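Here is the structure we will look at, set down as structure tokens.
The values are calculated or read from the model by the stated rules, or taken from the named source; none is laboratory data. The shown structure was predicted, so the numbers you read here are calculated from the model rather than taken from an experiment. FYI the Cβ positions are ideal-geometry reconstructions off the backbone, even for glycines, and counts take in every protein chain you see.
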Amino acid sequence: MSQTAASARAYNSRMVKMKLLTVAAILAIIACGACFLPPIMDRQPTAPPPPRPPKLTGISTVRVFVIDNSIPADIDTAAAAAEVVQSINHSGSKAITAHAGGEPGDADLNIAINNDAATLFRVWPSDRTESWSFTFNISELLIRTDGRTLWRRVDFPVGVTRVLLPNHAEDVWKESDVMNDCVQSLSIKATEGIFF
């Protein structure tokens, strides 16, 4: 019985040594692995926003107007004005806010849509889908409330290409995807020259 107890104690002491050796090995692996990790970078401060273009000095609010001079007027001007306002307000870099119509701001952005056209340029025989090109020009005028012109661009082309299913509306401008794409493209083109 004493021999069994002695061998059990020896076994337990060997197990304790093995467990300690295992823990030491794990700690060594972790330590070595941590040595080869890239250093933790200090949080860098964010860069300040780019300076405001000189034409926007003193402008903090812009009132947006969109009109469609095309005959017939195909583009939803209210949706276009809302998209331009959203684009300006979400740019975040110039501290300028915009609103459609209503109360005057420090400046008015007048956008005129001219010469819109829809052109079918390909019918795909495999599934009878149609490729259409939607084009229009925009003229823009950014004017202070005192009447001074800050920026002007005349007949800037905007284009959208869209594939339509064979059962599309007779007036392709009425397709919701077409209108959404045209309004978004107008918003991007209208604001990139002034605010970006």
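Could you list all residues from the range 125-173 that are at positive phi and surrounded by 11 or more Cβ atoms within 10 Å (Cβ to Cβ)?
Correct list: D155 only.
Take E175 and decide whether it is within 23 Å of I71 (Cβ to Cβ), in contact (Cβ under 8 Å) with a residue 12 or more places away in the chain, in contact with a Lys or Arg (Cβ under 6 Å, 6 or more places away or on another chain) and not aliphatic (A, V, I, L, M).
no
Condition first: touching a Phe, Trp or Tyr at 6+ places or on another chain (Cβ under 8 Å) and small (G, A, S). Now tell me which residues in the range 114-153 satisfy that.
A117, A118, S131, S133, S139
Test each condition in (1) over 23 Å from the mean Cα position of the chain (by Cα); (2) closer than 14 Å to A80 by Cα for P166 and report the one that comes out false.
With respect to (1) over 23 Å from the mean Cα position of the chain (by Cα); (2) closer than 14 Å to A80 by Cα, P166 is out only on (2).
Among all residue pairs at least 6 apart or on different chains, which show Cβ distances below 8 Å where the first residue, located in the range 132-146, is more than 25 Å from V160 (Cα to Cα) and outside the structural domain of F65 (by TED's automatic domain parsing) and the second is modelled with pLDDT of 95 or more and part of a strand (DSSP E or B)?
Once the first residue is more than 25 Å from V160 (Cα to Cα) and outside the structural domain of F65 (by TED's automatic domain parsing) and sits in the range 132-146, no partner that is modelled with pLDDT of 95 or more and part of a strand (DSSP E or B) comes close enough.
In the range 162-189, which residue that is modelled with pLDDT under 90 and among the small types (G, A, S) is nearest to T129 (Cα to Cα)?
Here the residue is A169.
Can you name the number of the only condition in (1) surrounded by 16 or more Cβ atoms within 10 Å (Cβ to Cβ); (2) within 30 Å of G105 (Cβ to Cβ); (3) without any contact (Cβ under 8 Å) to a residue 60 or more places away in the chain that G193 fails?
Every listed condition holds for G193 apart from (1).
Being among the β-branched types (V, I, T) and surrounded by fewer than 17 Cβ atoms within 10 Å (Cβ to Cβ) is the filter here; which residues of the range 82-124 pass it?
T97, T119, V123
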